[in-house]
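The values are calculated or read from the model by the stated rules, or taken from the named source; none is laboratory data. On a predicted model such as this, the values are computed, not experimentally measured, just so you know. Here the Cβ positions follow ideal geometry from the backbone for every residue, glycine too, while neighbour counts run over all protein chains shown.
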Amino acid sequence: MTSSFSNLNLAEPIARAVAEMGYESMTPIQEQAIPIVLQGKDVMGAAQTGTGKTAAFSLPLLQRMMAHENPSTSPARHPVRALVLLPTRELADQVAQQVKLYAKYTNLRSAVVFGGMDMKPQTAELKKGVEVLVATPGRLLDHIEAKNAVLNQVEYVVLDEADRMLDIGFLPDLQRILSYLPKKRITLLFSATFSPEIKRLASSYLQDPVTIEVARSNATASTVEQHFYSVGADDKRRALHQILKTRGIKQAFVFVNSKLGCARLARSLEREGLKTTALHGDKSQDERLKALEAFKKGEVDLLVCTDVAARGLDIKDVPAVFNFDVPFNAEDYVHRIGRTGRAGASGLAVSFVAPSDTRLVADIEKLINAKIEIEPVEFEEDRPRISEQGRINDGRRMYREAEGSEQPDEPGVAAPAPRERREIRETREAREPRERREYAPRRSNAPRDPFFDQPYEPGQPAQEQPAWETAAKSASPRGISANIKPKKKVAALFKTVTEPQT
Ligand code: AMP
């Protein structure tokens, strides 16, 4: 088997571009897929993102298209010959960037179209003529309907991250798009996993495909060091800080299961001094691209994200991925940790396992076909201590206040009044229904300390206040963050309770 690009006899302009990328040898998916695509066969590839699969399909397709390469300025001489479909805008953008790099010394043109952006510049580019069109399905259909994209000369179709396209519900769009394409073509399908739905899609649209699996399907990259730590919800952030510190990790992805949790965690980590940005589905396209750029440039330490937002992001050399929440879907575990240990680099994947996550971990174990050992976390510092004034002296008061947590029942330490406790528990249960029930707060008859009726005031002002924090402060007459609920006065609570019902 070959491993050097020079054995492929790529056209000089393509070989030059590859050499410029600094790739020394082919990755396993490239070794296997490139010769097969060069032969003109359909391919069904099980490859995670990060394995080098973009080059695995782009290079042989560009090589085949070199037969039509020409310097003409006429759009008619540059019809769409290769169509690459992807599920998300970010992914489409990344693949298009890579294709542009590989084609830079050729006369082959490429363009990308995805939703959330003005159609006009995309239309202008399409009208000039492009050989490689990278697109998300919805926006491509818009361009087809507007007659901006003519697909009757398409010879190559790539369905990339096909499983995710089906997850997102793109099947009808894909079927429509594929119905517009010439029947005689080469179709390549790439998917991180081969579910029964993917196999059905392949049997409908691929002809005698060669199946390529770089690793066992659903396997995680062997270059990723995986750890599962048993951590209660209240200690996850502390564990994150500790691992970042002890491992000397500069940048990481932190995955959470919900948009709300994503925004909340990013705010908390930012407040704790980490440069953090959130990436979730409610962010505008512009915000998402900016977040990504900032992370790529190293201006951001942590990218806190949900699965949909982060799927397939090509950010090289992410040293670590944290599963702050164990994913509900085991396949997402494979996708998440595919962000690290990419293209042969080593990586670290850490999952925080709460007591209620046992079933989810068992699902992952089954999927990756490996025994998972859940390790305890040993915190460097002792358990939080309470000073004589009733302050937690390790900086965790801010966290506890923000999360509505209770203080431990220790002699001389006040606990919230019963009514207040109930409210805390209700809020926490609404947020973390399963986990919280296992940590029901203990009751205490200790006398109240007026300290806990006061709003939180940070001990040290943060160096750079994030915009959201400044806005929240100016909006609040009491000068506290919008994210920290001021506690009700005890008297006010009693008043509410004793008021007659009307
Ligand atoms: P992909 O799986 O296509 O998203 O690629 C992941 C990353 O690996 C991209 O940033 C590529 O530039 C890089 N890459 C692709 N092929 C190679 C190679 N043969 N050697 C080193 N890096 C590569």
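Among the conditions (1) within 12 Å of the ligand (Cβ to nearest atom); (2) under 24 Å from the mean Cα position of the chain (by Cα), A46 misses just one, which is (1). Could you tell me which residue of the range 11-43 is farthest from the ligand (Cβ to nearest atom), considering only residues that are touching a Ser or Thr at 6+ places or on another chain (Cβ under 7 Å) and within 19 Å of L86 (Cα to Cα)? Checking each candidate, the answer is D42. With respect to the conditions (1) surrounded by fewer than 20 Cβ atoms within 10 Å (Cβ to Cβ); (2) touching a helix residue (DSSP H, G or I) at 6+ places or on another chain (Cβ under 9 Å), K296 falls short on a single one, namely (2).
Every condition in (1) buried (at least 16 other Cβ atoms within 10 Å of the Cβ); (2) at pLDDT 90 or above; (3) in the same structural domain as R81 (by TED's automatic domain parsing) holds for A239 except the one numbered (3).
Residue-by-condition table, conditions (1) more than 14 Å from the chain's Cα centre (by Cα); (2) at negative phi; (3) among the hydroxyl-bearing types (S, T, Y):
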{"residue": "D235", "(1), (2), (3)": "yes, yes, no"}
{"residue": "G248", "(1), (2), (3)": "yes, no, no"}
{"residue": "V256", "(1), (2), (3)": "no, yes, no"}
{"residue": "L265", "(1), (2), (3)": "yes, yes, no"}
{"residue": "A294", "(1), (2), (3)": "yes, yes, no"}
{"residue": "V300", "(1), (2), (3)": "yes, yes, no"}
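Given the condition among the hydrophobic types (A, V, I, L, M, F, W, C) and farther than 20 Å from G281 by Cβ, answer yes or no: does some residue in the range 120-128 qualify? Yes, the conditions are met somewhere in the range 120-128. Could you go through the range 166-174 and let me know if any residue there is in the same structural domain as I34 (by TED's automatic domain parsing) and in contact with a Phe, Trp or Tyr (Cβ under 8 Å, 6 or more places away or on another chain). Looking for residues that are in the same structural domain as I34 (by TED's automatic domain parsing) and in contact with a Phe, Trp or Tyr (Cβ under 8 Å, 6 or more places away or on another chain), one finds none in the range 166-174, hence no. Residue-level analysis places R200 outside the set of residues that are of a type outside the set (S, T, Y) and within 22 Å of the chain's Cα centre (by Cα). Pull out all pairs, ordered by first then second residue, where Cβ-Cβ is under 8 Å, the residues are six or more apart or on different chains, the first lies in the range 56-80 and is outside the structural domain of A124 (by TED's automatic domain parsing) and at pLDDT 95 or above, and the second is polar (S, T, N, Q) and crowded, with 20+ Cβ neighbours inside 10 Å. Once the first residue is outside the structural domain of A124 (by TED's automatic domain parsing) and at pLDDT 95 or above and sits in the range 56-80, no partner that is polar (S, T, N, Q) and crowded, with 20+ Cβ neighbours inside 10 Å comes close enough.
Scanning the range 62-83 for residues that are within 15 Å of the ligand (Cβ to nearest atom) and within 28 Å of the chain's Cα centre (by Cα) yields nothing.
Just to be sure before I move on: is K104 within 15 Å of the ligand (Cβ to nearest atom), modelled with pLDDT of 95 or more, surrounded by fewer than 21 Cβ atoms within 10 Å (Cβ to Cβ) and under 26 Å from L140 (Cα atoms) in the structure I sent?
Values: within 15 Å of the ligand (Cβ to nearest atom): yes; modelled with pLDDT of 95 or more: yes; surrounded by fewer than 21 Cβ atoms within 10 Å (Cβ to Cβ): yes; under 26 Å from L140 (Cα atoms): yes.
Taking the combined requirement at face value, the residue satisfies it.
Considering only residues of the range 90-101 that are surrounded by fewer than 24 Cβ atoms within 10 Å (Cβ to Cβ) and within 17 Å of E125 (Cα to Cα), which is nearest to the ligand (Cβ to nearest atom)? If we take residues in the range 90-101 being surrounded by fewer than 24 Cβ atoms within 10 Å (Cβ to Cβ) and within 17 Å of E125 (Cα to Cα), then Q97 is nearest to the ligand (Cβ to nearest atom).
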